[in-house]
């Protein structure tokens, strides 16, 4: 005979209301208490079908994009993530809500709305979130997975791109193909992901006994038209460039390529480029841009699966998951 919610409450010395909240995936109890209740419910044979369909917890999974004052523009990678989650979350039996929370005076109010909603868990796209803001999200008490970044100083489940690996692959590819030291198109907006990519670049140089001190590094905005304008300015006073470049973003690589082409350079005959993200910029440029595929749909799936494990009372040790990358060769290199 299965245990009832009332009996479970008595067994755990908790209120019936707290047990009901946890069993129905509603807010109002801490992550630790929720895990304790769900673990006991499974152990003592609680019949989840009495309150949920086919044993699935109810509630809404929030996909939150945190935007600070220094956040990049609407990068294609973010759109790919959102479109994947649009399909994946409803298929798992949960309601889905996608929101944007800005770093402004309404930050606390927006968190309050989540706190008193039917939130079952949070997928937080925090590309440039601070540790203090992250702690505010964690304080809500809901299962949470951080996407596209991570912290050594905050215990949190996270899923991110292996940026270092991707940049290493791109750099090694250019070194082998063009038999020379690649340059680097560095974003003027510094994010953790970009810092990792630069580390991957320098590690590949070191493997081939090249020094970053000899690299041609040009700093531009990470978006296409900003990078084009910045590179046009650079071309006005500089006349020596690397034979090939890796860029922090696809948009940046395409913008720089357009600037060089406007000065008569041919791609890839005179100068070659590799971007990062495999966005629509890489598919629609002329020639097509060689790039690193970061697999946003895989990040979405891995993040959601980890969150569902947490919601259902899975192990609570923080896990860091890195999504592998691969090189896609097109006409630019």
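Filter segment 10-32 down to the residues that are assigned to a helix (DSSP H, G or I) and at pLDDT below 85, then identify the one that is surrounded by the fewest Cβ atoms within 10 Å (Cβ to Cβ).
Here the residue is 32.
Could you tell me which residue of segment 57-85 is modelled with the highest pLDDT, considering only residues that are assigned to a helix (DSSP H, G or I) and surrounded by 14 or more Cβ atoms within 10 Å (Cβ to Cβ)? If you could, list the steps in order and put the result at the bottom.
Of all residues in segment 57-85, those assigned to a helix (DSSP H, G or I) come to 76-85.
After this cut, where a residue has to be surrounded by 14 or more Cβ atoms within 10 Å (Cβ to Cβ) as well, the list is 76-78, 80-82, 84-85.
Numbers: 76: 73, 77: 78, 78: 79, 80: 82, 81: 84, 82: 84, 84: 86, 85: 89.
That would be 85.
Within segment 37-46, track down each residue that is part of a helix (DSSP H, G or I) and either buried (at least 18 other Cβ atoms within 10 Å of the Cβ) or in contact (Cβ under 8 Å) with a residue 60 or more places away in the chain (or both). Can you show your working first?
From segment 37-46, those part of a helix (DSSP H, G or I) are 37-43; that's our starting set.
Within segment 37-46, 37, 38, 39, 40, 41, 42 qualify.
Counting just the residues of segment 149-188 that are farther than 24 Å from residue 272 by Cβ and in contact (Cβ under 8 Å) with a residue 24 or more places away in the chain, which one comes out farthest from the chain's Cα centre (by Cα)? Write out each step before concluding.
Within segment 149-188, the first condition is being farther than 24 Å from residue 272 by Cβ, and the residues that meet it are 149-160.
Within this subset, residues satisfying the condition of being in contact (Cβ under 8 Å) with a residue 24 or more places away in the chain are 149-150, 155-160.
Details: 149: 6, 150: 9, 155: 17, 156: 14, 157: 12, 158: 9, 159: 7, 160: 5 Å.
That would be 155.
Go through (1) surrounded by fewer than 16 Cβ atoms within 10 Å (Cβ to Cβ); (2) closer than 20 Å to residue 182 by Cβ for residue 320 and report which single condition fails.
Here residue 320 clears every test but (2).
Restricting to segment 38-56, name every residue that is within 31 Å of the chain's Cα centre (by Cα) and at pLDDT 70 or above.
38, 39
Is segment 94-117 home to any residue that is surrounded by 21 or more Cβ atoms within 10 Å (Cβ to Cβ), touching a residue at least 60 places away in the same chain (Cβ under 8 Å), more than 16 Å from the chain's Cα centre (by Cα) and in the same structural domain as residue 310 (by TED's automatic domain parsing)?
There is no residue in segment 94-117 that is surrounded by 21 or more Cβ atoms within 10 Å (Cβ to Cβ), touching a residue at least 60 places away in the same chain (Cβ under 8 Å), more than 16 Å from the chain's Cα centre (by Cα) and in the same structural domain as residue 310 (by TED's automatic domain parsing).
Listed residues 215, 211; which is out of contact with any strand residue (DSSP E or B) (no Cβ under 8 Å at 6 or more places or on another chain), surrounded by fewer than 23 Cβ atoms within 10 Å (Cβ to Cβ), over 19 Å from residue 67 (Cβ atoms) and modelled with pLDDT of 95 or more?
Within the list 215, 211, the selection yields 211.
Residues that are free of Cβ contacts under 8 Å to residues at least 40 places away in the same chain and more than 20 Å from the chain's Cα centre (by Cα), at least 2 per element: which strands (runs of 3 or more DSSP E) completely within segment 195-301 meet that?
In segment 195-301, the matching strands (runs of 3 or more DSSP E) lie at 217-220.
Which residue is nearest to the chain's Cα centre (by Cα), if the candidates are limited to segment 139-148 and must be assigned to a loop (DSSP other than H, G, I, E, B) and buried (at least 22 other Cβ atoms within 10 Å of the Cβ)? Walk me through how you get there before you give the answer.
The first filter runs over segment 139-148 and keeps only residues assigned to a loop (DSSP other than H, G, I, E, B), leaving 139-143, 148.
Then keep just the ones that are buried (at least 22 other Cβ atoms within 10 Å of the Cβ); that gives 142-143, 148.
Values: 142: 19, 143: 17, 148: 2 Å.
If we take residues in segment 139-148 being assigned to a loop (DSSP other than H, G, I, E, B) and buried (at least 22 other Cβ atoms within 10 Å of the Cβ), then 148 is nearest to the chain's Cα centre (by Cα).
Collect the residues in segment 118-138 that are in a loop (DSSP other than H, G, I, E, B) and within 21 Å of the chain's Cα centre (by Cα), keeping them in residue-number order.
Residues satisfying the conditions are 126, 127, 128, 129, 130.
The values are calculated or read from the model by the stated rules, or taken from the named source; none is laboratory data. Everything numeric in this text was worked out from a predicted model, so none of it was measured. Here Cβ is always computed from backbone atoms with ideal geometry, including for glycine, and neighbour counts include all displayed protein chains.
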